[in-house]
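Heads up: the structure comes next, in structure tokens.
The values are calculated or read from the model by the stated rules, or taken from the named source; none is laboratory data. Remember, it's a predicted structure, so these values are computed and weren't measured experimentally. Don't worry about glycine lacking a Cβ; one is built from the backbone with ideal geometry, like all the others, and counts go over all protein chains shown. Surface accessibility is based on the protein's heavy atoms, side chains included, excluding ligands, DNA and RNA. Shrake-Rupley method; radii C 1.70, N 1.55, O 1.52, S 1.80 Å.
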Amino acid sequence: MVVALAFAGLALYSVLNVIVGFFIFAVAMDSSGPHTAYVAAGAAVLALIGLGGGIGLVLIRQSWTRGLGLGLMIGWALWSILSAGICTGLNPSLYG
């Protein structure tokens, strides 16, 4: 059950990453001034969802919350690695 919910958490984070990332990059591209604040806010929101929500769910210590929390954290880490930090706002070139 924990493994199945970990995959569900991974899928949930992936969907949230696409939605939040799309809106943050759309707002950042439309802004006439520096877009660093928008990207930083998006990175903070995605980290809060993935890592903060994941740690919070793991600390509840029930089998379904542990799997979902691990899935959220795995999703954040996997998207950070596979996209070289672009999808999660960790790439330093986004702030330049």
Using a 1.4 Å probe and ignoring any ligands, DNA or RNA, find the accessible area of T36 and quote it in Å² to the nearest 10.
50 Å²
Computed accessible area, F25, all protein chains, 1.4 angstrom probe, square angstrom
70 Å²
GNM of the chain, Cα pairs under 10 angstrom: of L48, L59, L68, the biggest fluctuation goes to L59
Please go through region 39-80 and write out the chymotrypsin sites (Phe, Trp or Tyr not before Pro) that DSSP classes as loop and that have at most 15 other C-beta atoms within 10 Å.
none
Solvent-accessible area per residue for the chain at a 1.4 Å probe radius, Å²?
58 Å²
Accessible-area composition of region 16-96, carbon plus sulfur, in percent [1.4 Å probe]
78 percent
Quick check on the chain: what does the Kirkwood estimate of hydrodynamic radius come out to from the alpha carbon pairs, in Å?
13.5 Å
Counting only the heavy atoms of the protein chains, how much of V58 is accessible to a 1.4 Å probe, in Å² to the nearest 10?
40 Å²
